[in-house]
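Worksheet: the structure to be examined is printed underneath.
The values are calculated or read from the model by the stated rules, or taken from the named source; none is laboratory data. Note that this is a predicted model, so its numbers are computed, not measured. Cβ placement follows ideal geometry from the backbone for every residue including glycine, while neighbour counts extend to all protein chains displayed.
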């Protein structure tokens, strides 16, 4: 009789899932910090979760350690770090005193984030990798966290910051489930050669962030959030112009 084969041991890849866990921890810590009233730390924690989220996928692809487990784990971690955490942080910071309107806006954002992630997961392998359909949940979370950070650091009057928080939360939620197109920047080859000017732009970018991190990061991600409607309207106008020329 042929010797029976030993069952293959199943496991998970450590390195990419380690970064996913770090991002999940940062998102959870953001909620804890918001409950304690430390909103600046809560906002920073969400940005740290974004960095970890950016690393885990790229590391998995570079080391050829992609797995179905890693993809599912990353999606669940994103739900915590970029849907629930930003909603709870901005609710504790500015929406708490608005009653039902405040918590409904926070819930709409969290629900839209969950729907955005579910739609993204069903379109893997089908959608154009150059673009996102709807605002990506990390970018939406950065808009909310950036505004909390700006308000907490005294750049804007707290009354104005609180009043702007409600429409910002609602709009970011709607943009996530919209069909607007956003550049994904996934076509960037980090291992390839780039012109010298690209390095210069990166250095200037780091310098600007170092000058005033909360304000620069918020303006940057807000500009990205607005780029979707602008890009889509530009494409529609171009398409309409092309159709008129063909007639």
Quiz item: residue 198 is checked against (1) at pLDDT below 85; (2) under 25 Å from residue 155 (Cα atoms) and fails just one. What number does that condition carry?
Solution: (2)
Self-check item: Check on residue 217, modelled with pLDDT of 80 or more and closer than 28 Å to residue 120 by Cα
Solution: yes
Self-check item: Residue that is more than 17 Å from residue 155 (Cα to Cα), in a helix (DSSP H, G or I) and under 18 Å from the mean Cα position of the chain (by Cα), where the choices are 220, 228
Solution: 228
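Condition check ((1) touching a helix residue (DSSP H, G or I) at 6+ places or on another chain (Cβ under 6 Å); (2) in a helix (DSSP H, G or I); (3) surrounded by fewer than 15 Cβ atoms within 10 Å (Cβ to Cβ); (4) in contact (Cβ under 8 Å) with a residue 40 or more places away in the chain) across all residues:
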residue: 126; (1), (2), (3), (4): no, no, yes, no
residue: 132; (1), (2), (3), (4): no, no, no, yes
residue: 141; (1), (2), (3), (4): yes, yes, no, yes
residue: 145; (1), (2), (3), (4): yes, yes, no, yes
residue: 148; (1), (2), (3), (4): yes, yes, no, yes
residue: 151; (1), (2), (3), (4): yes, yes, no, yes
residue: 154; (1), (2), (3), (4): no, no, yes, no
residue: 159; (1), (2), (3), (4): no, yes, yes, no
residue: 167; (1), (2), (3), (4): no, yes, yes, no
